[in-house]
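Here the structure comes first, spelled out in structure tokens, and everything after it is commentary.
The values are calculated or read from the model by the stated rules, or taken from the named source; none is laboratory data. A quick note: this is a predicted structure, and the numbers were derived from the prediction, not measured. Because the Cβ atoms are built from the backbone with ideal geometry, glycine has one as well, and the counts that use them run over all protein chains shown.
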Amino acid sequence: MRLELTRIGVEELHDAASVDSVFGVDSDETILLVVNSVCGCAAAMARPAVTLAQQSKVRPDRFVTVFAGQDLEATARAREYLPGIPPSSPFMALFKSGVPVFILERRNIEGRSASAIATDLVRAFEEYCGSGDNGSVHGASNGSASADASVQGDEPESGTFRSIL
């Protein structure tokens, strides 16, 4: 369950210090935080959605993860950087300059396809991580189709968060 994200380059944060080293510094970076879990919707939808979204041409500077129920200290500290947002897992938050600008709670993940969730992520990446928005533009790896092309089939759920600001 951990390897599914780390094998695609998502950095695992195991303790509060590692979380603070990512989120506790002033930075213009865009960061996708994935709160991983052992539940079925993490396995069937959330982790595969991250894999699909990583194929996008526009994506965050960093992808990081904490594992709910296993890395308790890291997960608790990561949630401190999300004031006012109730804890859930799986969960994803896109940060821009240290501020969460897009979130997907469990209720936005559960019962949806990985491709629909990836579409939501790619749209957020395009909005907050584009080259004209101080983000990074990364090419699709190994000539793979972009997530845009891979996930066209499903429309995002109407209640999906676009921004919490």
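For every residue, the table says whether it meets (1) of a type outside the set (Ser, Thr, Tyr); (2) more than 11 Å from the chain's Cα centre (by Cα).
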site: ARG7; (1), (2): yes, yes
site: ALA16; (1), (2): yes, yes
site: VAL19; (1), (2): yes, yes
site: VAL34; (1), (2): yes, no
site: ASP61; (1), (2): yes, yes
site: ASP71; (1), (2): yes, yes
site: TYR81; (1), (2): no, yes
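Working only within segment 88-102, note down all residues that are farther than 16 Å from LEU5 by Cβ, in contact with a helix residue (DSSP H, G or I) (Cβ under 9 Å, 6 or more places away or on another chain) and either polar (S, T, N, Q) or surrounded by fewer than 22 Cβ atoms within 10 Å (Cβ to Cβ) (or both).
Passing the criteria: SER88, GLY98, VAL101.
Go through (1) crowded, with 21+ Cβ neighbours inside 10 Å; (2) modelled with pLDDT under 95; (3) closer than 15 Å to ALA118 by Cβ one by one and return the number of the condition PHE67 breaks.
So the condition that PHE67 fails would be (3).
Please go through (1) in contact with a helix residue (DSSP H, G or I) (Cβ under 9 Å, 6 or more places away or on another chain); (2) buried (at least 17 other Cβ atoms within 10 Å of the Cβ); (3) among the aliphatic types (A, V, I, L, M) for LEU82 and return the number of the only condition it doesn't satisfy.
Of (1) in contact with a helix residue (DSSP H, G or I) (Cβ under 9 Å, 6 or more places away or on another chain); (2) buried (at least 17 other Cβ atoms within 10 Å of the Cβ); (3) among the aliphatic types (A, V, I, L, M), only one is false for LEU82: (1).
Assess whether ALA145 counts as being among the hydrophobic types (A, V, I, L, M, F, W, C), more than 16 Å from ALA46 (Cα to Cα), outside any loop (DSSP other than H, G, I, E, B) and modelled with pLDDT under 95. Can you show your working first?
Values: among the hydrophobic types (A, V, I, L, M, F, W, C): yes; more than 16 Å from ALA46 (Cα to Cα): yes; outside any loop (DSSP other than H, G, I, E, B): no; modelled with pLDDT under 95: yes.
Considered against the rule, which asks whether it is among the hydrophobic types (A, V, I, L, M, F, W, C), more than 16 Å from ALA46 (Cα to Cα), outside any loop (DSSP other than H, G, I, E, B) and modelled with pLDDT under 95, ALA145 comes out as no.
Please indicate, with yes or no, whether at least one residue in segment 95-111 is part of a helix (DSSP H, G or I), touching a Ser or Thr at 6+ places or on another chain (Cβ under 6 Å) and modelled with pLDDT under 95.
For segment 95-111, residues part of a helix (DSSP H, G or I), touching a Ser or Thr at 6+ places or on another chain (Cβ under 6 Å) and modelled with pLDDT under 95: present.
Say we look at segment 112-125 and pick out the residues that are of a type in the set (Gly, Ala, Ser) and in a helix (DSSP H, G or I); which of these is surrounded by the fewest Cβ atoms within 10 Å (Cβ to Cβ)?
Step one: of segment 112-125, the residues of a type in the set (Gly, Ala, Ser) are 113-116, 118, 124.
Subsequent filtering for residues that are in a helix (DSSP H, G or I) retains 114-116, 118, 124.
Numbers: ALA114: 22, SER115: 18, ALA116: 20, ALA118: 26, ALA124: 28.
Here the answer is SER115.
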